[in-house]
1. Go through (1) outside the structural domain of Ser137 (by TED's automatic domain parsing); (2) away from the ligand (no atom under 16 Å from the Cβ); (3) crowded, with 19+ Cβ neighbours inside 10 Å; (4) farther than 22 Å from Lys87 by Cβ one by one and return the number of the condition Val228 breaks.
2. Tell me the residue from Leu300, Leu292, Leu275 that is under 27 Å from the mean Cα position of the chain (by Cα), under 20 Å from Ile83 (Cβ atoms) and among the aliphatic types (A, V, I, L, M), please.
3. Exactly one condition in (1) within 11 Å of the ligand (Cβ to nearest atom); (2) within 21 Å of Ser81 (Cα to Cα); (3) in contact (Cβ under 8 Å) with a residue 12 or more places away in the chain is not met by Thr331; state its number.
4. Looking only at the range 316-327, count how many residues are surrounded by fewer than 20 Cβ atoms within 10 Å (Cβ to Cβ) and either within 8 Å of the ligand (Cβ to nearest atom) or assigned to a helix (DSSP H, G or I) (or both).
5. How about the range 298-309: which of its residues are within 16 Å of Ala169 (Cβ to Cβ) and surrounded by fewer than 17 Cβ atoms within 10 Å (Cβ to Cβ)?
6. What number goes with the only condition from (1) in a helix (DSSP H, G or I); (2) hydrophobic (A, V, I, L, M, F, W, C); (3) modelled with pLDDT under 95 that Leu218 does not pass?
7. Looking at the range 61-115, which of its residues are modelled with pLDDT of 65 or more and basic (Lys, Arg)?
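The values are calculated or read from the model by the stated rules, or taken from the named source; none is laboratory data. Since the model is a prediction, treat every value here as computed from it, not as a measurement. Virtual Cβ from ideal backbone geometry, glycine too; neighbours counted across all protein chains shown.
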Amino acid sequence: MKGNFLLITLIIIIAVIAFIVKIIVSVVSFLLLPIGIIILIAVLSVLSYSIYSHIYFASSKFLNLKSDIQKYIQNCNDLNSHINELKNSFVDISSYDYGKGELNDNSKFKFKRKEWQNSIKNHQIYNCSAAVCKSASNQPIKYLCKYFNIEMNESTLTSFETVLNDFAAAEQGKELLRNERDSILNNISNSIPKLIMYFKRDAVIQKLGFEAYDFSDLYFPVYTFQYVSPGGNSSAKCDIKLNIGNLEKLIFYLNDLIKFRKSVQGQRALMTSTLREKIKSRDNFCCKKCSLSIREEKNLLLEIDHIIPLSKGGITSEDNLQTLCWRCNRTKGATIENT
Ligand SMILES: [Zn+2]
């Protein structure tokens, strides 16, 4: 009796499973065709779209458009290389050559030691105790000067002011370059098929001849205080990024300390954002050399120039500063380097 019951149960279970499998199979075979068709349509549309865009980019219509606006694109690319030069204005502050010494790690457990050895060669990383690391995060500028041997003199202050002036121009330049590129694209957007502009904007930018612009702020130098425990198990890090804000704090800090030692400051001013804007506004947002202003060229990058260069003994003072457009400033820089 019991055996019969088990047999019947088994048969029922098998029947139910067979029924479910049959339903699944019929549903799948029913859907197989539509799914296949959808995939086929998708593949075909992607394929035909890439053929279409390929033909479009090679068409005389696109090439004519490209040559019509070549001048503006070249201007953007020139501004981009100028910005890249500005970004390189920073030279490692502790790059002074103290000679070379060999470091041998004789510890028994070389756990994470390799990383430690790499970082010790990097002038922008300072290995320290956990306490120093914590204090550095509370008073970054003070600790930066103290532990990275930034000398408290006018020449250091001048170099940081130059870096700040260049970085500030680079940041503003990035913004203006982005606006200029967008406005060029906006002006021609009606001449480019909507489908191409919508799905292939990056390709349009590249095919028109715009270089790849780097709008990131990765160029800001970073100084790091790092603590790694002897075993390498616990660690802490404090990064100090020399961005516009920190550079400005740094020159204020240096200025205060130098003022303390040197009481006669003369007419010396500090290259702050307020001063830069003041000079631009005084010069009516016009280039003092070619008279071009932001009224004629909306996205014109205006820079602050030392009339007598710092390298020739000029100082940062209102009467030694003038507004120049980036093109004139670039030409001036090249002329001074060649003399
Ligand atoms: Zn100019």
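1. (1)
2. Step by step, each of Leu300, Leu292, Leu275 is checked, and only Leu300 is under 27 Å from the mean Cα position of the chain (by Cα), under 20 Å from Ile83 (Cβ atoms) and among the aliphatic types (A, V, I, L, M).
3. With respect to (1) within 11 Å of the ligand (Cβ to nearest atom); (2) within 21 Å of Ser81 (Cα to Cα); (3) in contact (Cβ under 8 Å) with a residue 12 or more places away in the chain, Thr331 is out only on (3).
4. 4
5. The one that is within 16 Å of Ala169 (Cβ to Cβ) and surrounded by fewer than 17 Cβ atoms within 10 Å (Cβ to Cβ): Pro309.
6. Tallying (1) in a helix (DSSP H, G or I); (2) hydrophobic (A, V, I, L, M, F, W, C); (3) modelled with pLDDT under 95, Leu218 fails exactly one: (1).
7. Of everything in the range 61-115, those that are modelled with pLDDT of 65 or more and basic (Lys, Arg) turn out to be Lys61, Lys66, Lys71, Lys87, Lys100.
Here's the yes/no breakdown for (1) assigned to a loop (DSSP other than H, G, I, E, B); (2) of a type in the set (D, E, K, R); (3) modelled with pLDDT of 95 or more:
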site	(1), (2), (3)
Cys145	no, no, no
Glu151	yes, yes, no
Thr156	no, no, no
Phe160	no, no, no
Phe167	no, no, yes
Gln172	no, no, yes
Leu176	no, no, yes
Asn179	no, no, yes
Ile188	no, no, no
